[in-house]
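Please read the structure below before turning to the comments.
None of the figures in this text is laboratory data; all of them are computed from the coordinates on show. These numbers were taken from a predicted model, which means no experiment stands behind them. With ideal geometry, Cβ positions are generated from the backbone for all residues, glycine too; neighbour counts draw on all protein chains shown.
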Amino acid sequence: MPTFRSIAWPNGLQEELSEPVAVLLDESAETLALASGAGFRCFTSGEDFRKYVLKEIVKEEEG
């Protein structure tokens, strides 16, 4: 089964309703800078991305 180290949603997780996001695991600083410069909100860990989804997309309260 293939695994993905990087994935992006250029139109947001909720198309046109949220910002562009990218999960970039084990990528270079240059790749992160390029993605950020292109307007993506970048995550370098699955846990940080999960927290973003729960807080910003699902609107789940922390705690």
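A simple charge model with +1 on the Cβ of Lys and Arg, -1 on the Cβ of Asp and Glu and nothing else charged puts the dipole of the chain at about 80 debye relative to its Cα centre. Per residue, the average separation of C-alpha pairs within less than 8 Å and at least 6 apart gives the chain a relative contact order of 25 percent. In the set (i) 20, 53, 22, 6; (ii) 21, 51, 25, 3; (iii) 18, 40, 28, 10, 3, 1, the label that goes with P(r) over Cα pairs in 10 Å bins from 0, in percent computed for this structure is (ii).
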